[in-house]
Amino acid sequence: MLTSLFNSFFDGISIGSVLLLSALGLAVVFGLMGVINMAHGELMMLGAYTTFVVQNAFKPLGQPWFGAYIFVALIAAFLVTALLGLVLEKGVIRHLYGRPLETLLATWGVSLILQQFVRSVSWVMMLGLVVFCGFFFGAMTLLSRRSHFQRIRGWAITMLLPLSAGIAWAASSTLGQKYQLAVTKPWFGAQNVDVTAPGWLRGGIRLLGAYQMPYVRLFILSLTIICILGMYVFLQRSVWGLRIRAVTQNRSMSACLGIPTQRVDALTFALGSGLAGIAGCAVSLLGSVGPNTGQNYIVDTFMVVVVGGVGKLVGSIAAAMAIGIANYLIGANALSPLVAWFPPLANLLEFFANSSMAKVLVFALIVTFLQFRPAGMFPQKGRTVDA
Amino acid sequence: MARGFGRREFLIMGSVASGSVLLKACTPGSQDSGSPSGDTIKVGILHSLSGTMAISEKSVVDAEKLAIKEINESGGVLGKQIEAVVEDGQSDWDKFSEKAKKLIDQDKVVTVFGCWTSASRKAVKPVFESKDHMLWYPVQYEGQECSKNIFYTGAAPNQQIEPSVDWLLEEYKGKPFFLVGSDYVFPRTANTIIKAQLEAKGGKVVGEEYIQLGSTDVTPVISKIQAALPEGGVIYNSLNGDTNVAFFKQLQGKGLGPDKYPSMSVSIAEEEVKAIGVEYLKDHYAAWNYFQTVDSPESTKFVEAFKKEYGDDRVVNDPMEAAYIMVYLWKQAVEQAGTADDLEKVRAAAIGQEFAAPNGPVKVAGNHHISKTVRIGKIREDGLFEIVNSTDGPVEPIAWNQFVKETKGYACDWSDPGKGEKYKK
Amino acid sequence: MADTSPLNAQRPRRLRQTSLMMEVGIVIVIALLILFVVPLLLTAFGQEFRINMLGRFMALAIVALGIDLIWGYTGMLSLGHGVFFSLGGYAFAMFLQLQLPEGELPEFFTLYGVTELPFFWQPFHSLPFALAALILIPALVAALLGYLVFRNRIRGVYFSILTQASLIVFFHFFNSQQELINGTNGLKTDTAKIFDVYAGSDQAQSVFYTLTVVGLVLAYGLCRWLTSGRLGKLLIAIRDDESRVRFSGYNPTGYKVLVFAVSAGLAGIAGALYTVQSGIISPKTMDIAFSIEMVIWVAVGGRASLVGAVLGALTVNFAKSILSEQFPEIWLFFQGALFLIVVTVLPGGFVGWLRTQGQDLFRSLIGRRRRLMTYPRLAEDPEVEYERQNLRN
């Protein structure tokens, strides 16, 4: 009895740690900057695809090198998604600060584009994109050096946009016709791709009785701990961390004191996106990797941040663990033996004891919880009316 | 995929490349054919090209297009070229019925090849029935249906589920069963059948769990399996799509290997093995009518044609094979009827059509299903299946299940106007 | 175009009446056109199936009106309207499913071995109950949720996320309860009989089409009535500065609950009308994406403009079906780009653009001088005009 409860507790924690790892990036972006990033799930998905690419690059090397691919993949996933986050911040989100609802819609648009992108991307398309960006932004940069740029800006855009699109179009179509399938075949396609954990991560250690703790879960647990410690040290001990905290607390005051708030924003967003990439790499070891992977996580991670209290890392930790454990206990029907003496309650728990109904109950509990603590478990203290 | 799609269209229709690739990608087959519309026969292809089900349905579309291309190259149907109008059901049942209406009313197609999930088939069924049209459906399904307007070329339960349960009872004598499935009509009905069958034959079911389609929360279910089968047992798996990936990855992580916990899957074929990763699946079982490893001239020809068209790394699977042969069956029916437009005649002519399919000889039965060979495969190192058991010849399809109380004693026969959809034997 | 200026009340009474009469006239003429001329035109062009599409999209336009009411006017972004839409749709679909000979159960129940009708299906035998339920159930759910949320002063992004969480609750519930409401497969209505005709028949469909047009006109009228006058002003005040409204002695909670419930009721009607025309209602309509799409219709048309909401719903949906017919594989690119462009370049939507840049563009096209722009546009603010005139006297 006790061992099974202990085991369920452990399973719950391991579910919670996945939630926490995926929510960490969001806690930074949403919690610290107040930006709702609906594309967070898709950044995770890109992290997972990066893992897939790295894995395939390591395959020819054979053992023992292949076993180490996961570490390279973690770094690569971080870098790729952080870079994309940077582009996203500079291109879209920068223009929408202070309008959270608009950001929400815009990032949803980004997430749709990213989903279709991984389905469609092929050499031809990539080439077209590169040519287009090269021509368009190159020409814009050249033009922007000229003094009367502001006057001709609108005109330049209307001219350059179709022009560079046309060139890109023509270039990719000639390439497509010349090399046929070799370049038009999508890299990943709409199908799921397989990421296999390296050999040393398969299997698990036996704990109490027949219970086995998978190595993958332990790996993710330790990864989560490392990420949290890293974040903590970065925020508390480094110069940029200090600046991020300052901007979070009072943007205009920080700007007055000479903190480059725009660069802080860009950095924070890139950091949050990079964490999403790491999370994506981690979840690729547990589940499927496909264009829709990110969708599974987005709502759960938002719940973690909101329940925990915005802007508090400790809140996110507590919330992720609470949600993870609750989800497991209800879904695996671990509680009903405890209340067997009271049949109606046990029957009720039985009714909710599958993964869908467990979600129903957990989300209903979250909605109820937020009635009592609208600002989450660890609310930010302040004196504004918008508490 | 956009450009890849265009390329395929381009190859299939054999049209002269002109204009840009993107333009081509954006143009559905109809505008691409290059031949005047007067001497073509229009058919509809209705599958999900986006959304959750795109994973499986895309390759079925590939197989259907391959068959159409082959037919066109060898002279077409009744001397006319086939022109495919492709529609995207977007994994959304209500889109399916909308697009079905569009294909019938606007494009005036003479038949539709399409659907994967039972939900999408059930959503379009009223459309095809009310417009008295024709749908060819290529996927194994739960049975309990026999529409005048639908031809089912996938396996009925007695051509996949029942033989595989019999085989498991034989192979793993006395072991208890645990049923896992996605939460929709196919697994639910399949498990109802399995439970009835096991009860009749002395097997034991210790648990039954459902996971929502597309969900990856499998840990609670795995814990339940562990608790219910402490000494090992058979897992009968009718999970669909993404969930399988999480399920097998975590099954292995928890130490539930195929030695003590062999699993029989009914929705995992070559494509899925590739996506899940063979490391997690080795030595598990799957039941189908066709595997890529089937050793016959027809099978080799099909595999080679497919790889030539779409690349060497692609694999074929059972639903793709069913999709491929149903186009040929339709063609034969049209040729026998001498018309493509008079659906009444085509449907009548379709019954009794025979074809040397990659899975073996098939024949359309009076109940609009086809007879096929049943096989059980064990997943090999290379991601393909080692065929461990197969029936001697084709198994006749049974639409209304004989293990389920409500439909016991009923049958379906469209070749006899007096019998129809459901009659008591 | 609807004049949504909050200052209608201050215009001379006669002018107000004339413009109101004009608007009513225009709306009726458009409604008659859609009812009688458009179907004929579409049939003439061999596009009959678009009539059904138009009918369904007009049903969606009713949801868009509701969303505009709470988002455009009151500033609450709901990402959970799919719930209300589906509740309405399910309520009516359940009624249709029960149109069977005495003692028979809807077909899908036999698949799961259910032999007795679940208790909550019982009242749906009656048409009046079903009709009331398809409005009242969504409205009551919204009122309850809204009351709890607004009482705690949860708003902005948190409100959006909470509505999304409720969406997930309902989605999983409907999706997993096969024995109760047929789970993923949803309920089909085409083969059900209503007043001795099949709901999928042409005859019934044309009735549903007419009902949708009438419903849309009524919904427009209701929203128009709510947003003009004092309530409309209060709603806009809540949107622009809720705390200030509170400090002025109003309690915004009641008003917010009211518009949220009205909006949900509209979504329920829309859901029912949509369901009977598409022939199926399934948990897919409680997908996260669908509810966010509803918001984008309003954003494209123009927030805080009722005409914009209707136009937005119609254009985006037609664009969606036409584009996904022509470019089935890259439709998502278009949709994503639409989100991005509307939010970054056209924050006021199409109608907003017409009101500002569009007018100027038009003026310059016909060779007139551009109007001088002063910030904050004192010159065109009717309130300023009014005060100026009064001060001069």
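The values are calculated or read from the model by the stated rules, or taken from the named source; none is laboratory data. Everything quoted here is computed from the prediction, not taken from an experiment. Every residue, glycine among them, receives a Cβ derived from its backbone with ideal geometry; neighbour counts consider all protein chains shown. We work out accessible area using only protein heavy atoms, side chains counted, and drop any ligands, DNA or RNA first. Shrake-Rupley method; radii C 1.70, N 1.55, O 1.52, S 1.80 Å.
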Just one of A:282, A:332 is out of contact with any Phe, Trp or Tyr (no Cβ under 9 Å at 6 or more places or on another chain) and within 13 Å of chain B (Cβ to nearest Cβ); which is it? A:332
Quick one: which helices (runs of 4 or more DSSP H) sit completely within segment C:184-258 and have at least 1 residues that are more than 14 Å from chain B (Cβ to nearest Cβ) and among the acidic types (Asp, Glu)? C:229-240, C:242-247
Any idea which of C:200, C:156, C:183, C:146 is of a type outside the set (Asp, Glu) and either touching an Asp or Glu at 6+ places or on another chain (Cβ under 6 Å) or open to solvent by 60 Å² or more (accessible area, probe 1.4 Å) (or both)? C:200
Mind checking whether some residue in segment A:350-369 is farther than 30 Å from residue B:272 by Cβ, surrounded by fewer than 20 Cβ atoms within 10 Å (Cβ to Cβ), within 14 Å of chain B (Cβ to nearest Cβ) and not aromatic (Phe, Trp, Tyr)? yes
Mind checking which residues of segment A:1-60 are in a helix (DSSP H, G or I), within 14 Å of residue A:305 (Cα to Cα) and polar (S, T, N, Q)? A:17, A:22
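Residues checked against (1) farther than 27 Å from residue A:76 by Cα; (2) in contact with a helix residue (DSSP H, G or I) (Cβ under 8 Å, 6 or more places away or on another chain):
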{"residue": "A:254", "(1), (2)": "yes, yes"}
{"residue": "A:263", "(1), (2)": "no, no"}
{"residue": "A:277", "(1), (2)": "no, yes"}
{"residue": "A:285", "(1), (2)": "no, yes"}
{"residue": "A:291", "(1), (2)": "no, yes"}
{"residue": "A:308", "(1), (2)": "yes, yes"}
{"residue": "A:332", "(1), (2)": "yes, yes"}
Of the residues in segment B:124-159 that are of a type in the set (Phe, Trp, Tyr) and under 16 Å from the mean Cα position of the chain (by Cα), the one that is farthest from residue C:201 (Cα to Cα) is B:141
Just to be sure, is residue B:206 more than 8 Å from every other protein chain (Cβ to nearest Cβ) and more than 22 Å from residue B:170 (Cα to Cα)? no
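Any idea which of C:346, C:273, C:338, C:314 is modelled with pLDDT under 90, in a helix (DSSP H, G or I) and open to solvent by 10 Å² or more (accessible area, probe 1.4 Å)? I'd like the intermediate steps shown before the answer.
Details: C:346 fails: in a helix (DSSP H, G or I); C:273 fails: modelled with pLDDT under 90; C:314 fails: modelled with pLDDT under 90.
Testing whether each residue is modelled with pLDDT under 90, in a helix (DSSP H, G or I) and open to solvent by 10 Å² or more (accessible area, probe 1.4 Å) leaves just C:338.
How about segment A:81-100: which of its residues are on the phi < 0 side of the Ramachandran plot and surrounded by fewer than 21 Cβ atoms within 10 Å (Cβ to Cβ)? Break it down stepwise before answering.
Step one: filter segment A:81-100 for residues on the phi < 0 side of the Ramachandran plot, giving A:81-97, A:99-100.
Scanning segment A:81-100 gives A:83, A:86, A:87, A:90, A:91, A:92, A:94, A:95, A:96, A:97, A:99, A:100.
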If residue A:184 passes every condition in (1) within 14 Å of chain C (Cβ to nearest Cβ); (2) open to solvent by 80 Å² or more (accessible area, probe 1.4 Å); (3) of a type in the set (S, T, N, Q) but one, which one does it miss? (2)
Residues located in segment C:8-63, provided they are of a type in the set (S, T, N, Q), away from chain B (no Cβ under 14 Å) and touching a residue at least 40 places away in the same chain (Cβ under 8 Å): C:8, C:10
Those residues of segment C:164-180 which are within 26 Å of the chain's Cα centre (by Cα), open to solvent by 10 Å² or more (accessible area, probe 1.4 Å) and more than 8 Å from chain A (Cβ to nearest Cβ), in sequence order: C:170, C:171, C:174
Wholly within segment B:299-379, which strands (runs of 3 or more DSSP E) include no fewer than the required count, namely at least 2 residues that are among the aliphatic types (A, V, I, L, M) and open to solvent by less than 10 Å² (accessible area, probe 1.4 Å)? B:360-364, B:375-379
For segment A:285-299, give me the residue count where each residue is assigned to a helix (DSSP H, G or I) and crowded, with 24+ Cβ neighbours inside 10 Å. 1
Filter segment A:41-79 down to residues that are modelled with pLDDT under 90 and of a type in the set (Gly, Ala, Ser) and give me whichever is most open to solvent (accessible area, probe 1.4 Å). A:57
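A quick yes/no check of all residues on (1) modelled with pLDDT of 90 or more; (2) under 22 Å from the mean Cα position of the chain (by Cα); (3) within 14 Å of chain A (Cβ to nearest Cβ):
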| residue | (1), (2), (3) |
| --- | --- |
| B:245 | no, yes, yes |
| B:255 | no, no, yes |
| B:269 | no, yes, yes |
| B:274 | no, yes, yes |
| B:280 | no, no, yes |
| B:287 | yes, yes, no |
| B:291 | yes, yes, no |
| B:299 | yes, yes, no |
What is the one condition in (1) closer than 26 Å to residue A:263 by Cβ; (2) surrounded by fewer than 18 Cβ atoms within 10 Å (Cβ to Cβ); (3) touching a Phe, Trp or Tyr at 6+ places or on another chain (Cβ under 7 Å) that residue A:109 does not satisfy? (2)
Six or more apart or on different chains, Cβ atoms under 9 Å: show the pairs whose first residue is in segment B:179-196 and closer than 16 Å to residue B:157 by Cα and whose second is open to solvent by 10 Å² or more (accessible area, probe 1.4 Å) and among the basic types (Lys, Arg). B:179/B:195; B:181/B:188; B:185/B:122; B:196/B:405
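Going through B:377, B:311 one at a time, which residue ends up being at pLDDT below 90 and not acidic (Asp, Glu)?
Among B:377, B:311, only B:311 is at pLDDT below 90 and not acidic (Asp, Glu).
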Considering only helices (runs of 4 or more DSSP H) fully contained in segment B:90-174, which possess at least 1 residues that are over 30 Å from residue C:332 (Cα atoms)? B:118-130, B:161-171
Residue check, residue C:75 against (1) on the phi > 0 side of the Ramachandran plot; (2) in contact with a strand residue (DSSP E or B) (Cβ under 9 Å, 6 or more places away or on another chain), all met but one. Which one? (2)
Report yes if residue B:224 is of a type in the set (Lys, Arg), within 14 Å of chain A (Cβ to nearest Cβ), more than 19 Å from residue B:119 (Cβ to Cβ) and surrounded by 23 or more Cβ atoms within 10 Å (Cβ to Cβ), otherwise no. no
I'd like the residue in segment B:382-417 that is more than 14 Å from chain C (Cβ to nearest Cβ) and of a type in the set (Ser, Thr, Tyr) and, out of all such residues, is surrounded by the most Cβ atoms within 10 Å (Cβ to Cβ). B:390
